[in-house]
Protein chains: 2
Amino acid sequence: MARIVQKFGGTSVADIARLEHVSLKVKREVDAGHQVAVVVSAMAGVTNQLVGYAQSLVGAAKSPEYDVVVAAGEQVTSGLLALALSQIGVPARSLLAWQLPILTNVDHGCARIEEIDPQQLEECWLRGVVPIIAGFQGLTKQGRLTTLGRGGSDTTAVAIAAAVNADRCDIYTDVTGVYTADPRIVPKAQKLKEITYEEMFELAAQGAKVLQTRSVETAMNHQVHVRVLSSFHEEPGTEIVPEKRLTDFIHVSGITHRGDEARITLKNVQNETQAVADVFETLANADVHIDMIVQNVSLDDCTDLTFTTPKGEIPRVVRALQEKNKISYDDLIIDPNVAKITVVGVELQRRLGIASLMFKTLAGMNIPLQVISCSAIKISVLVDESAAEEAVRALHSAYGLDKEFMI
Amino acid sequence: MARIVQKFGGTSVADIARLEHVSLKVKREVDAGHQVAVVVSAMAGVTNQLVGYAQSLVGAAKSPEYDVVVAAGEQVTSGLLALALSQIGVPARSLLAWQLPILTNVDHGCARIEEIDPQQLEECWLRGVVPIIAGFQGLTKQGRLTTLGRGGSDTTAVAIAAAVNADRCDIYTDVTGVYTADPRIVPKAQKLKEITYEEMFELAAQGAKVLQTRSVETAMNHQVHVRVLSSFHEEPGTEIVPEKRLTDFIHVSGITHRGDEARITLKNVQNETQAVADVFETLANADVHIDMIVQNVSLDDCTDLTFTTPKGEIPRVVRALQEKNKISYDDLIIDPNVAKITVVGVELQRRLGIASLMFKTLAGMNIPLQVISCSAIKISVLVDESAAEEAVRALHSAYGLDKEFMI
């Protein structure tokens, strides 16, 4: 007997027929003698509709009431799946975040789980009942509803798995696993049999939409055994494992690109640490998210400062930098037509050749690199948006990912 | 300063524009210095959609999970109205049934409110915040969600008004008040300026859809001052008042008809009380709702027993009566083409002529009366469905309701 958390995303529960299909997947694990807890998202499209309603009233601002509105979708799915399971003879009950409870901080719209009380889950299992947990939702200590941000149900599932020491957390989604690149861009993209937590974290953070970044972080912290699987196809997915358990060593495990950021350059900022600190303090106070930052070494009095930020935050950036008159610069240049390409691999820190192969490949294509940013297991470069997809395909070949290496 | 509960139904909150319109109605009362609590229904159509989902899985059976599914709509509206109010500078917060809490019995799908804790409402008012309560929802002592049945938000509103000793409970709806008959059937139907609790109770129970029956019962028990008003038109509605406060005495206050029931006759049941008791015990055990019952005095060994039941329950009735072999009868006759016409008036108990006017009018139209049923303030007759609308119009004239008696 194993303890298994199953999570089903929005397209997996998009209508009643799919919910019934999901109920069979749950039944199969129950019939095999496992203790199963299920986490569900809202039916596909529902959250978008609710977000649309809320935004038409208050724009993008997140508030307690925003969360009350957008958390409703998961409640519906959890009740419906419990009904579908009862219908096929599997006792089940819904559990909403406030009922468990799943306690979070008060960061409405993207709250962080702080504590999960597993008592009711244990009670369900004792009585042979499958708990169906509404994903995405949380509760503050003050008794208000919160939500965990886009893809938050992944994090609910992994956190539940950690709280009950589950043997496995199976994330059922509309793709068959984690790929070396987006198959829509790179036709030869390969499904990975396994990937490390760190690599998966970078892939998620750099734009692979298969898992919420925070869910990978939670899995890494609690060493939760996560599998990414398809709801619609019976085939092995991708396992997320600690590095030491990797069975295949692949130098590079994936190449992502995202085009949702803009590059902003401040020309001729004072070449002092204080001036740079002022810029980013100003932006932080304006709640602007910054991704890449680059400043070249310069011996002059002034220097250029470049950073990237989500396109939607450009107006806030401009307002903040113009209002704050202690920041002096000559010009503010905004380029929204950029894309960030990232190569992720746990071997990166050991093999310097991986980075140079990236630069060499892009140089051979005459693609200028605008910004470069590295971490232990990834290299990101900012390039012109028009060159991005071609660059991803070329890098996919250069790193030898085109050949079929999965069994 | 008065304490006011405002309730807005599904068509009043059907989209964002209407929610913004509603927020102005709330603001007006707040600006006048009143302590306001608001109760909202789900956006029009939402509950039907959720009920449809649940029924496609489990049919009409009510269960805890059914309630989890269908209660979600009110959560969305309460959050959205709180956002809309904040937008126009009125501090507001949503309160879901489990947050107050609104405790009910465990009768899922049509739970009865047992207790409301007004503490959080008082706290909101102390802080100058308008509480926006999700209607229709309840919570059992075991921590499960319930719902109060169709139109349950009316009952939430009246029960909240009772719990906080409100000066007034304003029910905003898509009609401008309570009418002497359905204006779609009787073009000369008049809006009532006021009506007693008892009359309103009968009208609601006999098919007037303007208020949930249980809400009128709750209002009567706690002497809540209820007004029925239009969300869309600025005109006086109908006030529900204790009999002693009536300013106008009208002999008959309304004529309703409903065609959703069927007449069932058991031919030649044994003429003993035990036999009749067996029939209705069997039906009660099968959870069948019975409305009218009639059995003629008979000196024979056998007699005919007639009752009415909602059309949807016919299969259950037939199954129950056939399975139970201790009940003997010769034939089971089902007539779904019947309609019940009811005349309601607080004066009925004092003026016997009111009943005979009804019979005389229908006799003059050659409409046979199938079943007659009376209470202190109403007379109902069962007639052929095809004659119902014409009969309602004729009775409306006969009782002098066609003339404009409202100011």
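Every read-out reported here was derived from the displayed coordinates using simple, explicitly stated rules and does not represent laboratory data. What you see is a predicted model; the values in this text were computed from it and never measured. Note: ideal-geometry Cβ built from the backbone for every residue, glycine included; neighbour counts use all protein chains shown.
Below, the figures for the structure above:
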read-out	value
Using a Förster distance of 35 Å, the FRET efficiency for residue A:243-residue A:184 (Cβ separation, nearest 0.05)	0.75
Residues in the stretch B:300-319 that a label on residue B:384 would reach, taking backbone N under 20 Å of a point 7 Å out along Cα→Cβ	B:307-308
Average beta carbon contacts from partner chains per residue of B:12-22, 10 Å cutoff	1
Simple Cβ-charge dipole of the stretch A:68-123, Lys/Arg +1 and Asp/Glu -1, about Cα centre, in debye nearest 20	260
Share, in percent, of DSSP beta bridges within the protein assembly as shown that are antiparallel, nearest 5	60
Exam field: residue B:127 pseudo-label spacings to other copies (7 Å along Cα-Cβ), nanometres	3.4
Cross-link reach list, lysines versus residue B:27, counting only Cα pairs under 22 Å and skipping chain neighbours closer than eight places	B:7
At R0 = 56 Å, FRET efficiency that the Cβ-Cβ distance of residue A:293 and residue B:221 yields, to 0.05	0.25
Summed residue charge, Cβ within 13 Å of residue A:163's Cβ, Lys/Arg positive, Asp/Glu negative	-3
Shielding score for A:45-55, defined as the mean number of other chain Cβ atoms within 10 Å	2
Exposed GluC sites (Glu not before Pro) absent - longest run of chain A, DSSP non-H/G/I/E/B, at most 13 other C-beta within 10 Å	A:1-233
Amide hydrogen neighbours beyond the local backbone of residue A:194, cut-off 5 Å, H modeled	A:239
For chain A: relative contact order, % (alpha-carbon pairs under 8 angstrom, 6 or more apart)	14
Dipole-positive endmost among B:56, B:151, B:228 within the stretch B:3-248 (Cβ charges, Cα centre)	B:56
Cut-off of 10 Å, at most 16 other beta carbons, DSSP loop: longest stretch of chain B lacking such chymotrypsin sites (Phe, Trp or Tyr not before Pro)	B:1-231
Of all DSSP beta bridges in chain A, antiparallel share, percent nearest 5	60
Check: the protein assembly as shown dipole with +1 on Lys, Arg Cβ and -1 on Asp, Glu Cβ, in debye	20
Neighbour net charge for residue B:206 - beta-carbon separation under 12 angstrom, K R +1, D E -1	-2
Total charge dipole magnitude, the stretch A:143-190, about the Cα centre, Cβ charges on Lys, Arg, Asp, Glu only, Debye to nearest 20	160
Nitroxide proxy distance, nm - points 7 Å out along Cα→Cβ at residue B:360 and residue A:311	8.0
Amide proton proximity set for residue A:102, modelled H, under 5 Å, gap of 5+	A:139
Sequence-separation-based contact order of the stretch B:261-335, relative, with Cα cut under 8 Å and 6+ spacing, percent	51
